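The values are calculated or read from the model by the stated rules, or taken from the named source; none is laboratory data. Note that the coordinates shown come from a computational prediction; the quantities given were computed from them, not determined experimentally. With ideal geometry, Cβ positions are generated from the backbone for all residues, glycine too; neighbour counts draw on all protein chains shown.
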Amino acid sequence: MAAFRDGRRSDSPRKERAPQPTKHQELKNRLHKQILNELKDGDVEAIIPKIDAMAVEIMKEDESFRGKIDRKKVVEELINDLTGFGPINPLLLDPDVTEVMVNGPDQVYVERGGKLEPAFVQFRDDEHVMSVIEKIVAPIGRRVDESSPMVDARLPDGSRVNIIIPPLALNGPTITIRKFSKDPYTIEDLIRFGTVSREMAMFLEACVKARLNIFVSGGTGSGKTTTLNVLSSFIPSDERIVTIEDAAELQLWQDHVVSLESRPANIEGKGAVTIRDLVRNALRMRPERIVIGEVRGGEALDMLQAMNTGHDGSLATGHSNSPRDMIARLETMVLMAGLELPVKAIREQIAGAIDLIIQQSRLKDGTRKIVNITEVLGMEGDVIVLQDIFAYQQTGTDAEGRIQGRLAATGIRPKFYERLETSGIHVPVSVFLGQGRDEP
């Protein structure tokens, strides 16, 4: 039988922690005690300007600190602990960082430019990570402990957070934060990033304004929510929008927006409000547009029924590897609603409800691109017929490993083109000629 040490198996994959610099930690601990003594009135903001002077005074009294530590670094770490989220606070403030991943106290990674890299910051121990987790979950009424070791949460700026702790996480408390820009991305940003071409952008704006039902599909981290947010920005400001999400992330500029957020069960296993519950409720709120952050279960049936019964212009996202896979996943999700419907009936619902599928991918070089804009044409026998209107054509890689390719129309004009025209929205036929352009 494997031996145990400090409550953990000795054969655990967790790495031994490197010892912290003794004098650095000693000064930090002494400062922390002094701060707690002076925080009797709880005024954190008043104590922050005094921390550096406290550190100077302690170093004057104890010569063993001189020349052996970086006082400014100690003070910065303490301020981050008091006012922010500890060692990861500077990462959350860095506009170039898009994701922060804490794999236990010793290992922190970030995503910059679509690539993962070590962050070279550490927590003191598991308890230090747990104190940051408590700061994240407490303001939104969530809890995380051994009886409930997983939680989805969000930061005040809307960034999405997933937390999982021991005994499920063997490396220690684990935090994954997907940051969102303070200023939501616009379609011009996506064009600049090479996610879409200008012709694709023009076409997508027309589709949203013409009230087509659009589904954005893709893998984890492919940029689905960002694209959904940009598409939602095309909705006219005089329409009532109801958004439905697990964790509120969408940042819409329109005034008439009602944001709904699901709720997990409480400690007794009661009180859960699912996405499906919210979709059903939204239908009674006189929505002109329903925007669903992610469809992953039985709510797919309610969403399709809404799209088929007058709620045109709805938007949603889902996980899949291709437009065809998204259709298959929707079939599976409808069956998760618990109704024994014939497969052909489900496919007829899908074909009648969804007009357009936008497939987004995160390529090997870290770039995010819309690789397919696919029209749902309808049924032929028992099969849903799909037709690409735009597609990304990869042509190779350059010397630095960056993927080269073209965002191009396929040369086929969509079947709903006349619907765009009758809606008073003109899209030049030249957009569909398939000339394309090279992308970096």
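Assorted remarks:
- Hey, T274 surrounded by fewer than 18 Cβ atoms within 10 Å (Cβ to Cβ), under 18 Å from the mean Cα position of the chain (by Cα) and on the phi < 0 side of the Ramachandran plot or not: no
- For beta carbons closer than 7 Å, sequence separation of 6+ or different chains, a first residue in the stretch 307-328 that is in contact (Cβ under 8 Å) with a residue 40 or more places away in the chain and under 11 Å from A353 (Cβ atoms) and a second that is part of a helix (DSSP H, G or I) and of a type in the set (G, A, S), the qualifying pairs are M307/A353; N308/G352; N308/A353; S314/A306.
- Residue match in the stretch 89-98 (condition: among the β-branched types (V, I, T), closer than 29 Å to E261 by Cβ and out of contact with any Leu (no Cβ under 9 Å at 6 or more places or on another chain)): yes
- Test: residue in the stretch 336-359 that is crowded, with 19+ Cβ neighbours inside 10 Å, polar (S, T, N, Q), under 20 Å from the mean Cα position of the chain (by Cα) and farther than 26 Å from I140 by Cα: yes
- Extreme residue, surrounded by the most Cβ atoms within 10 Å (Cβ to Cβ), among residues of the stretch 256-271 that are under 23 Å from A306 (Cα atoms) and charged (D, E, K, R): E261
- For the stretch 234-257, filtering for residues that are touching a Gly at 6+ places or on another chain (Cβ under 8 Å) and polar (S, T, N, Q) leaves 2.
- The selection criterion, being of a type outside the set (D, E), surrounded by fewer than 21 Cβ atoms within 10 Å (Cβ to Cβ), assigned to a strand (DSSP E or B) and modelled with pLDDT of 90 or more, does not hold for S217.
- Considering V279, V295, V258, the condition of being touching an Asp or Glu at 6+ places or on another chain (Cβ under 9 Å) and hydrophobic (A, V, I, L, M, F, W, C) is satisfied by V279 alone.
- Selection from the stretch 331-367 of residues that are charged (D, E, K, R) and in contact with a Phe, Trp or Tyr (Cβ under 7 Å, 6 or more places away or on another chain): D355
- Verdict on R419 being in contact (Cβ under 8 Å) with a residue 60 or more places away in the chain, outside any loop (DSSP other than H, G, I, E, B), more than 18 Å from R324 (Cβ to Cβ) and out of contact with any helix residue (DSSP H, G or I) (no Cβ under 9 Å at 6 or more places or on another chain): yes
- The set of residues from the stretch 362-380 being surrounded by fewer than 19 Cβ atoms within 10 Å (Cβ to Cβ) and more than 25 Å from E418 (Cα to Cα) comprises R362, L363, K364, D365, G366.
- Subset of the stretch 98-113 (residues that are more than 23 Å from L170 (Cβ to Cβ) and surrounded by fewer than 17 Cβ atoms within 10 Å (Cβ to Cβ)): R112, G113
- Those residues of the stretch 277-315 which are of a type in the set (K, R) and under 22 Å from T220 (Cβ atoms), in sequence order: R296
- Qualifying position, being of a type in the set (S, T, Y) and closer than 26 Å to E205 by Cβ, among T274, T309: T309
Residue-wise test of (1) under 21 Å from R362 (Cβ atoms); (2) of a type in the set (A, V, I, L, M).
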| position | (1), (2) |
| --- | --- |
| I88 | no, yes |
| L93 | no, yes |
| D96 | yes, no |
| D106 | no, no |
| G113 | yes, no |
| L116 | yes, yes |
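- Some residue of the stretch 392-401 being out of contact with any Lys or Arg (no Cβ under 9 Å at 6 or more places or on another chain), touching a residue at least 12 places away in the same chain (Cβ under 8 Å) and either outside any strand (DSSP E or B) or of a type outside the set (D, E) (or both): no
- The strands (runs of 3 or more DSSP E) found entirely in the stretch 121-214 that carry 2 or more residues being among the aliphatic types (A, V, I, L, M) and free of Cβ contacts under 8 Å to residues at least 40 places away in the same chain are 160-164.
- Residue selected from the stretch 367-397 under the condition under 24 Å from E199 (Cβ atoms) and among the small types (G, A, S), by the criterion modelled with the lowest pLDDT: G396
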